[in-house]
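Here is the structure we will look at.
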Amino acid sequence: MFLVRLVYTSSITEGVTESDIQNILDTARNNNTAEDITGVLLFSKNRFLQCLEGSRSNVNKVYHNIVNDNRHSEIVLLDYSEVYEREFADWSMGYIPEMAITRPLTLKYSENASFEPYKMSGSSAHKLLLSLSKTVTVV
Ligand code: FAD
């Protein structure tokens, strides 16, 4: 089964806290390790931006779970591509902290310097995550 990459954005549900995000990450890392899925998750300004990579069937299965999760809403698929290699192979689900987002970096991939993933193309969103993973400490 070949590799795919999926990028989506979503909005956090009101009342979901930082400790809920830690729970999401714990679950994600356990499940993704079992499913050979890798990727990164960025949370900033009440938006999630996440990239998942792995076999098509496993990525589709996990994305189905994610879409049905009531801890976020307004889920928009930004990119779904067949790929020949992983770019986030070091992380079962790496977390990119909010402070990592800088105005110059956002400006590089967006029409202005504010982080608005719903207005980004799939390839810009993917490149932003890739850039961040190379320049900041992903935990
Ligand atoms: P179950 O554990 O059976 O839960 C069913 C539903 O209950 C969930 O969909 C959710 O709506 C709710 N729920 C579960 N736990 C809690 C909780 N602690 N508090 C409140 N509600 C809860 N999962 C992955 O496997 N990989 C990922 O990379 C991944 N990334 C995520 C990113 C985001 C932004 C979010 C919000 C969730 C992510 N998840 C991820 C979690 C995913 O949505 C599912 O909860 C998880 O895959 C377990 O699926 P399940 O059907 O076995 O759910």
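The values are calculated or read from the model by the stated rules, or taken from the named source; none is laboratory data. Keep in mind the model is a prediction, meaning the values are calculated, not measured. Every residue, glycine among them, receives a Cβ derived from its backbone with ideal geometry; neighbour counts consider all protein chains shown. Just the protein is used for accessible areas: all its heavy atoms, side chains included, with ligands, DNA and RNA removed. Shrake-Rupley method; radii C 1.70, N 1.55, O 1.52, S 1.80 Å.
Structure notes:
- Contact map, region 91-117: residues that are part of a loop (DSSP other than H, G, I, E, B) paired with residues that are aromatic (F, W, Y), Cβ distance under 8 Å, separation 6+ or inter-chain. Pairs shown: I101/F115.
- All positions within region 119-139 that are open to solvent by less than 80 Å² (accessible area, probe 1.4 Å) and assigned to a helix (DSSP H, G or I): G122, S123, S124, A125, H126, L128, L129, L130, S131, L132, S133
- The residues of region 1-44 that are closer than 21 Å to Y80 by Cβ and polar (S, T, N, Q), listed by number, are T9, S10, S11, N31, N32, T38.
- Total residues in region 94-136, condition aliphatic (A, V, I, L, M) and in contact with a strand residue (DSSP E or B) (Cβ under 6 Å, 6 or more places away or on another chain): 5
- The set of residues in region 88-139 that are within 16 Å of L41 (Cβ to Cβ) and in contact with an Asp or Glu (Cβ under 7 Å, 6 or more places away or on another chain) comprises F88, A125, H126, L130.
- Test: K61 is closer than 22 Å to S11 by Cβ and among the basic types (K, R): no
- Scope region 66-79; condition loosely packed, with under 15 Cβ neighbours inside 10 Å and farther than 17 Å from I12 by Cβ; matching residues: L77
- Residue satisfying all of: in region 1-60; in contact with a strand residue (DSSP E or B) (Cβ under 9 Å, 6 or more places away or on another chain) and of a type in the set (G, A, S); surrounded by the most Cβ atoms within 10 Å (Cβ to Cβ) among these: G39
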